[in-house]
Amino acid sequence: MAKDPVRVLVTGAAGQIGYALVPMIARGVMLGPDQPVILHMLDIPPAAEALNGVKMELVDAAFPLLKGVVATTDAVEACTGVNVAVMVGGFPRKEGMERKDVMSKNVSIYKSQASALEAHAAPNCKVLVVANPANTNALILKEFAPSIPAKNITCLTRLDHNRALGQISERLNIQVSDVKNVIIWGNHSSTQYPDVSHATVKTPSGQKPVRELVSDDDWLKGEFIKTVQQRGAAIIKARKLSSALSAASAACDHIRDWVLETPEGTWVSMGVYSDGSYNVPAGLIYSFPVTCRAGEWTIVQGLSVDEFSRKKMDATAEELTEEKALAYSCLS
């Protein structure tokens with residue numbers, strides 16, 4: 001039996017990440033090679049012509065899985081009936097802008113898009129926020145879409161997770177697929193904590209801890225962390241544009257694992273609504289290690305946390321608490 005199409009919304013679809021993301025979705029990278037999709041693409045009115053160009057290209061690519069394309073500048077039309085929403089559109093920080101200015105712009109964007117999703121998305125719609133500040137944008141969205149379950153609103157830290165895997169694989173000169181269970185704790189910002197305390201590498205003689213194979217704690221606690229934290233800025237410096245390809249790929253990974261399950265014995269990093277696990281304040285959207293089964297994520301419990309990790313985890317939670325207060329002050 002052919003499956004019914006899944007409706008996938010991409011906001012900011014005419015932008016860099018959107019342009020990289022929509023063909024991946026249409027090709028089955030996000031939801032699987034046998035899952036038909038209908039793409040809903042939303043952008044702002046000044047980008048309407050560019051958005052129509054993206055739609056033309058999607059038609060021209062003749063993707064067998066793509067069963068329809070909605071390209072619109074109307075949030076209600078874009079959100080109607082969607083099963084998965086990838087929120088890429090946001091207001092980027094420009095030179096000379098204060099954090100509060102960026103936050104207030106994004107708060108108003110996410111408040112209005114949340115209301116459209118709340119009223120028009122399919123029940124049990126899964127939401128992934130990509131636009132920065134991703135964690136706090138997701139929190140605002142949750143606030144204004146109360147009927148979408150809190151567990152269905154997530155933000156993207158899979159890009160950081162993948163970056164961490166990539167750094168370890170390059171350092172050890174091994175396949176990235178042989179490294180697993182790194183963790184990104186906290187905020188998708190430069191305070192995030194990439195943690196390899198529980199990460200392992202597949203070797204001919206079985207799974208070995210990353211710590212043991214790298215055997216350079218100074219690098220793991222210093223340069224490795226800094227490289228992952230600052231990778232986005234390094235790519236902007238090199239490319240003069242932000243990391244669109246890797247962000248789009250990570251968004252596909254995030255949704256695919258959430259919907260189609262994580263492999264046995266493997267966890268991934270997702271920004272999810274904190275329930276107080278690992279003494280992270282409840283009510284923040286914070287990145288944790290999770291496993292996914294039957295379309296639901298679960299925070300991996302019982303991992304040991306040393307003093308070094310505790311400090312890093314608390315510092316990024318503190319930043320998120322401040323961001324949350326700043327966002328709520330923009331609401332009033």
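The values are calculated or read from the model by the stated rules, or taken from the named source; none is laboratory data. Not measured: the values here are computed from a predicted model. Counting neighbours? That spans all protein chains shown, and the Cβs are built from the backbone with ideal geometry, glycine included. SASA here: full protein model, heavy atoms, side chains in, ligands and nucleic acids out. Shrake-Rupley method; radii C 1.70, N 1.55, O 1.52, S 1.80 Å.
Once you have the Cα-Cα distance between LYS202 and MET1, take 0.36 nm times their residue separation minus that, and quote the gain in nm to one decimal. The partial results should precede the final answer.
On the way: separation 201, 0.36 × 201 = 72.36 nm, distance 3.76 nm.
Stretched fully, the LYS202-MET1 segment lengthens by 68.6 nm.
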Worksheet entry | Dimensions (Å) - the stretch 283-332, Cα atoms, principal axes, largest first | 38, 34, 10
Practice prompt. Measure off 7 Å from each Cα along the Cα-to-Cβ vector at ALA61 and SER277, then give the distance between these two points in nanometres to one decimal.
Written response: 3.3
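Among rounded, prolate and oblate, which fits the stretch 165-272 when a ≥ b ≥ c are the square roots of the eigenvalues of its C-alpha gyration tensor, a/c under 1.5 means rounded, and a/b larger than b/c means prolate?
Numbers: a/c = 1.68, a/b = 1.16, b/c = 1.45.
Judged from the Cα gyration tensor, the stretch 165-272 comes out oblate (a/c at least 1.5, b/c at or above a/b).
Which entries of LYS126/LYS208; LYS151/LYS180; LYS94/LYS151 have Cα-Cα distances beyond 30 Å here?
On the way: LYS126/LYS208 35 Å; LYS151/LYS180 24 Å; LYS94/LYS151 32 Å.
As for pairs spanning more than 30 Å Cα to Cα, those are LYS126/LYS208; LYS94/LYS151.
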Discussion item. Please state the shape class of the stretch 4-163: rounded when a/c is under 1.5, otherwise prolate if a/b exceeds b/c and oblate if not, all from the C-alpha gyration tensor.
Written reply: prolate
Discussion item. On C-alpha positions alone, give me the angle between the axis of helix 48-60 and the longest principal axis of the chain, in degrees, nearest 10.
Written reply: 80
Discussion item. Just to be sure I understand: with springs between alpha-carbon atoms less than 10 Å apart, which residue in GLU318, GLU212, GLU118 has the highest mean-square fluctuation in the Gaussian network model of the chain?
Written reply: GLU212
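Determine the order of THR227, THR11 by accessible area, beginning with the largest, at a probe radius of 1.4 Å.
On the way: THR227 40, THR11 0 Å².
Output order, biggest surface exposure first: THR227, THR11.
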Worksheet item: What residue among VAL82, VAL22, VAL176 has the largest mean-square fluctuation in a Gaussian network model of the chain, using Cα springs under 10 Å?
Response: VAL176
Practice prompt. Jot down the radius of gyration and Dmax of the stretch 254-313, Cα atoms only, both in angstrom.
Written response: 12.1, 35
Response to the item:
Between ALA234 and ASP74, Cβ-based FRET efficiency (R0 45 Å, step 0.05) works out to 0.75
Worksheet item: Can you count the Lys pairs in the stretch 213-331 whose Cα atoms are under 18 Å apart, with each pair 8 or more apart or on different chains?
Response: 5
Discussion item. What is the angle, in °, between the Cα long axis of helix 158-172 and the longest principal axis of the Cα atoms in the chain? Nearest 10 is fine, range 0 to 90.
Written reply: 40
Discussion item. For the full complex of protein chains and a 1.4 angstrom probe, list LYS126, LYS3 by accessible area with the highest value first.
Written reply: LYS3, LYS126
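Rounded, prolate or oblate: which one fits the stretch 219-332, using the alpha carbon gyration tensor with axes a ≥ b ≥ c (rounded when a/c is under 1.5, else prolate when a/b beats b/c, else oblate)?
Rounded is the answer for the stretch 219-332, as its axis ratio a/c remains below 1.5.
Per-residue ellipticity at 222 nm for the chain, helices alone: DSSP H runs ≥ 4 residues times -39500 (n - 2.57), over residue total, nearest 500 deg cm²/dmol? Each step should come with its number before you reach the end.
Working: 11 runs with 147 residues, N = 332.
Value at 222 nm, helices only, nearest 500: -14000 deg cm²/dmol.
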Worksheet item: Tell me, in nm to one decimal, what length is gained between GLU95 and LYS221 on full extension, where the rule is 0.36 nm per residue of separation less the Cα-Cα distance?
Response: 42.2 nm
Worksheet item: If one computes P(r) from the Cα atoms of the chain, what percent of pairs lie at distances over 32 Å?
Response: 27
Discussion item. Over the chain, with a Gaussian network built from C-alpha contacts below 10 Å, which listed residue (GLY12, GLY186, GLY222) shows the highest mean-square fluctuation?
Written reply: GLY222
Worksheet item: Using alpha carbons only, how many degrees (0 to 90, rounded to 10) separate the axis of helix 16-27 from the longest principal axis of the chain?
Response: 80
